[in-house]
Amino acid sequence: MKPLLSKISNILPEHSVVFIIEKDKIPDFARLTDAEKNYVQKQLSAGEKFAVLNDYKRFIYIVSLKDKTGNFNVREDLRRSAYKLRKLIKSNNHDELVISSENSYIGAVEDFTEGLILSVYSFDKYITDNKEENKKHHPAKLLLHGKTDDNKIKWLKEVTDAVWFVRDWVNEPVNHLNAVTLAMEIKKKGEEAGFSVEIFNKMKIESLKMGGLLAVNRGSIDPPSFSILEWKPEGHLNINPIVLVGKGIVYDTGGLNIKTGDYMSGMKGDMAGAAIVTGALYVAARTGIPLHIVGLVPSTDNRPGENAYTQGDIITMHNNTTVEIGNTDAEGGLILADAISYASKYKPEFIINIATLTGSAAMTFGAHAIAAMSNAKKKYIDMLKDAGDEVYERIAELPLWEEYGEALKSDVADIRNVGGREAGAITAGKFLEKFTSYPLIHLDIAGNEILKKDEYYKLKNGTGTGLRLLSVFLKKLAESY
Ligand code: BES
Ligand code: ZN
Ligand code: ZN
């Protein structure tokens, strides 16, 4: 259970509190005794970032910031502090915990709270445990004190709710989440948040001649799905919609070019892009971002079943381009290309594609950056970079130079679905670019989604990285009109 959030204006003597302070400036309203102040000061001057006090009725956690600029590194430090304190805070079983900051930067309370909420997530629904005390989750309620307001708390709640469900979906194995059930989950989120969802079944996908999605699906027993999510609030500020496309491979075995060794581990999370697109529409609808946004989610598993597509196949895509299959493990580009060409129907202002697309992006950046490729106006990529710094889901740009497209030449079809061994993340981006004449921003999140160990509050297993990025980007974009 996720902690509930609310605002509080008066801290009571019995409240346990996290005080966020600048250096060692303890606020008077913390009402510490001289002995307690001395202890805290001693801890902090010894280089510790925290000090913890407790008497018989409450805990006081002091978190010290190196300055109160609120620049993105200081903000990230604070989220990480919450991660570092998570075990202690959890073990103290607070029903209520106050988060307070008077003399640090505006937004500090929200940043700490965000870090804490993201740090106490767990995927435990399949653990059968009958003990009552283990079912309780703490802290049950976080009370935000100081310079906060209802809008900020609402934003924080909706964004963290979305990160939680994105992580749930990524962590859900394919025997519990296939292409059809993913579409149904998307539909439920639409109903919950107020955006519309239309689901195309296999017959409809066939009639639209989405040859990429159908080819990848051929080795599977489960049918594919194609979900269209739409948020079109009255008075939206953009004339042409923003289209978000998310990779929805519910499991990637590699197909007949089957993944060997440990490369298949984590491939239940190959639909992270789809989950993030759903999360972004969820946040937009729940917080009322005044933009017309469309989400497209092509989905299937990629398996080497009986009639599986093979290396050497030549397929015809939704936009009639023919593709020679050089490798069945490069399935993401195929299903995304169909969605990207389908996006033309909306005459989008621009398209953002988000996908766990290449091992190459993961090898290049690890978990510390999202690989971005863009042919859209520079102002969009700048805005995306700013959003990335702000939420610490940073993006690093790779080029989409013409020359990189040459690796995709085929002797027998218009294009191949793989380039050579070199520059794999970029050639995959070039492949997608060929399927639209509208501006495209492509985000490759292969290194960010399923982690083997905690990267602070980006916990191991599904992280949901990209959701906070897109949410803040869309909010900033709306403010720019
Ligand atoms: N889903 C994988 C990419 C991936 C790798 C995601 C590691 C997350 C972590 C993708 O479908 C894939 O298999 N790509 C191949 C492409 C190759 C065959 C050209 C790759 O990157 O190895
Ligand atoms: Zn894949
Ligand atoms: Zn693959």
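In table form, for the structure just shown:
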{"item": "Restricting the range 303-332 to residues that are in contact with an Asp or Glu (Cβ under 8 Å, 6 or more places away or on another chain) and among the small types (G, A, S), the residue that is nearest to ligand 1 (Cβ to nearest atom)", "result": "G332"}
{"item": "Failed item in (1) within 12 Å of ligand 3 (Cβ to nearest atom); (2) surrounded by fewer than 23 Cβ atoms within 10 Å (Cβ to Cβ), with G305 passing the rest", "result": "(1)"}
{"item": "Test result for I99, part of a strand (DSSP E or B) and more than 30 Å from R394 (Cβ to Cβ)", "result": "no"}
{"item": "Tally, over the range 340-367, of residues that are away from ligand 1 (no atom under 15 Å from the Cβ) and not hydroxyl-bearing (S, T, Y)", "result": "9"}
{"item": "Residue list for the range 191-217, filter: within 13 Å of I228 (Cβ to Cβ) and buried (at least 23 other Cβ atoms within 10 Å of the Cβ)", "result": "F195, M210"}
{"item": "All positions within the range 385-421 that are open to solvent by 30 Å² or more (accessible area, probe 1.4 Å) and outside any loop (DSSP other than H, G, I, E, B)", "result": "K385, D386, D389, E390, E397, E402, E403, Y404, E406, A407, R416"}
{"item": "Enumeration of residues in the range 436-477 that are open to solvent by 10 Å² or more (accessible area, probe 1.4 Å), more than 16 Å from the chain's Cα centre (by Cα) and not hydroxyl-bearing (S, T, Y)", "result": "P439, K452, K453, K476"}
{"item": "Within the range 231-251, considering residues that are part of a strand (DSSP E or B) and more than 16 Å from ligand 1 (Cβ to nearest atom), the one farthest from E172 (Cα to Cα)", "result": "I242"}
{"item": "Selection count where residues are open to solvent by less than 70 Å² (accessible area, probe 1.4 Å) and either more than 23 Å from K68 (Cα to Cα) or in contact (Cβ under 8 Å) with a residue 60 or more places away in the chain (or both), scope the range 1-29", "result": "16"}
{"item": "D382 being of a type in the set (D, E), more than 24 Å from I117 (Cβ to Cβ) and within 16 Å of ligand 2 (Cβ to nearest atom)", "result": "no"}
{"item": "Residue satisfying all of: in the range 355-384; surrounded by fewer than 21 Cβ atoms within 10 Å (Cβ to Cβ) and β-branched (V, I, T); nearest to I441 (Cα to Cα) among these", "result": "I381"}
{"item": "Residue check, G254 modelled with pLDDT of 95 or more and more than 16 Å from ligand 1 (Cβ to nearest atom)", "result": "no"}
{"item": "First in the range 236-254 and among the aromatic types (F, W, Y), second anywhere and in a strand (DSSP E or B), Cβ under 6 Å, 6 or more apart", "result": "Y251/D301"}
{"item": "Selection status of I276, away from ligand 3 (no atom under 16 Å from the Cβ), in a helix (DSSP H, G or I) and under 19 Å from the mean Cα position of the chain (by Cα)", "result": "yes"}
{"item": "From the options T300, T260, residue that is within 14 Å of ligand 1 (Cβ to nearest atom), out of contact with any Cys (no Cβ under 9 Å at 6 or more places or on another chain), free of Cβ contacts under 8 Å to residues at least 24 places away in the same chain and not in a helix (DSSP H, G or I)", "result": "T260"}
{"item": "Any hit, the range 287-298, residues being touching a helix residue (DSSP H, G or I) at 6+ places or on another chain (Cβ under 6 Å), open to solvent by 10 Å² or more (accessible area, probe 1.4 Å) and within 16 Å of ligand 3 (Cβ to nearest atom)", "result": "no"}
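The values are calculated or read from the model by the stated rules, or taken from the named source; none is laboratory data. In this text, all values refer to a predicted model and were calculated from it rather than measured experimentally. Reconstructed Cβ throughout: ideal geometry from the backbone, glycine too, with neighbour counts over all protein chains shown. Just so you know, the surface numbers come from the protein's heavy atoms only, side chains and all, with ligands and any DNA or RNA stripped out. Shrake-Rupley method; radii C 1.70, N 1.55, O 1.52, S 1.80 Å.
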